[in-house]
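Asker: Dropping a structure here in structure tokens format, bear with me for questions.
The values are calculated or read from the model by the stated rules, or taken from the named source; none is laboratory data. All of these numbers come straight from a predicted model, not from anything done at the bench. Note: ideal-geometry Cβ built from the backbone for every residue, glycine included; neighbour counts use all protein chains shown. To get the accessible areas, we keep the full protein, side chains included, count just its heavy atoms, and leave off ligands, DNA and RNA. Shrake-Rupley method; radii C 1.70, N 1.55, O 1.52, S 1.80 Å.
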Amino acid sequence: MKKVAILIAALLCTAGLFAQNGKLPIVKEIVSLENGNTGQTVDVVNIPVDGQNRYYLHVGNMGIGDKIVQVELDPVYRLYIPLGNNITDAVATMEDLKTLYKEPKGTMREIQGSFKPFFPTVETETVQVYKFKLLFENKLQFVIERDGFSRVAYLTKSDFNSLLRGLKFHGKLYPSEM
């Protein structure tokens, strides 16, 4: 009886290994920042697909509402901005986005992004990026219009610069990814 119980326990413990099918993507964090006030996390990640690196800027979870009042209810859906297939392209894309911080308040640029649960997919949609200034804080406002509501996320200039510096440093550590 003990042998049967041990066999069943061993099978139950190893059952998870047999259930692995490898469909979940591997997410390699390059740089990650957490805002202590809001608890939002923003990061630059590499999600390789079929051996090809794909770099993304994750701007956090998006609130729902209008462009002024947002309620953060959805921790599952995330906005990922594709940056490129190597660090050189990723840095160039981020440098291009960085120029928006120098534009006048309300300046808008359209880019492509993936707003999906947990991980980005190949399908993208249009994301409107606005220069947003509130008192002494420069921000980018990422807006997706869906079902009459706006989904909005913000990225401060200081966080953006930290992410960009971290990405450049990663490129120096791993020149093969350039």
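Asker: With the Cα gyration tensor of segment 40-178 in hand, give its eigenvalues times 5 under a square root as the equivalent ellipsoid semi-axes, listed largest first in whole angstrom.
Answerer: 25, 18, 12
Asker: Would you please classify the overall shape of segment 47-109 from the alpha carbon gyration tensor, given that a ≥ b ≥ c denote the square roots of the eigenvalues, rounded means a/c under 1.5, and beyond that prolate means a/b larger than b/c while oblate covers the rest?
Answerer: Working: a/c = 4.34, a/b = 1.28, b/c = 3.40.
Taking the square roots of the gyration eigenvalues as a ≥ b ≥ c, segment 47-109 is oblate.
Asker: Starting from the Cα of Asp50, step 7 Å along the direction of its Cβ; do the same at Lys172; then give the gap between the two resulting points in nm.
Answerer: According to this spin-label approximation, the distance is 3.5 nm.
Asker: What is the log10 of I(q)/I(0) for segment 72-152, computed with the Debye formula using one identical point scatterer on each Cα and no solvent, at q = 0.21, 0.24 Å⁻¹?
Answerer: Reported log10 I(q)/I(0), two decimals: -1.10, -1.26.
Asker: Related question: Just to confirm, what accessible area per residue do you get for segment 39-149 at 1.4 Å probe, in whole Å²? Intermediate results must be reported in sequence, preceding the final value.
Answerer: Details: 5750 Å² over 111 residues.
Averaged over the residues of segment 39-149, the accessible area is 52 Å².
Asker: May I ask you to order 135-144, 115-124, 98-107, 55-64 by the average number of other C-beta atoms within 10 Å around their residues, highest value first?
Answerer: Sorting 135-144, 115-124, 98-107, 55-64 by mean packing, highest first, produces 55-64, 135-144, 115-124, 98-107.
Asker: Determine which residues of segment 138-156 fall in the zone a paramagnetic label at Glu72 would reach in this model, i.e. backbone nitrogen under 18 Å from the point 7 Å along Cα→Cβ.
Answerer: Label zone hits: 138-144, 150-156.
Asker: How would segment 106-178 be classified by its alpha-carbon gyration tensor: rounded, prolate or oblate, with rounded meaning a/c under 1.5 and the a/b versus b/c comparison settling the rest?
Answerer: On the way: a/c = 2.67, a/b = 1.29, b/c = 2.07.
Here segment 106-178 falls in the oblate category.
Asker: Can you compute the FRET efficiency between Glu145 and Arg165 using 1/(1 + (r/R0)^6), with r the Cβ-Cβ distance and R0 = 25 Å? Round to the nearest 0.05. The partial results should precede the final answer.
Answerer: Working: r = 32 Å, r/R0 = 1.28.
Working from the Cβ atoms, E equals 0.20.
Asker: Using a cut-off of under 15 Å, list every residue of segment 132-169 whose amide N is near the label point 7 Å from the Cα of Asn35 along the Cα-to-beta-carbon line.
Answerer: Inside the label zone: 132-143, 151-163.
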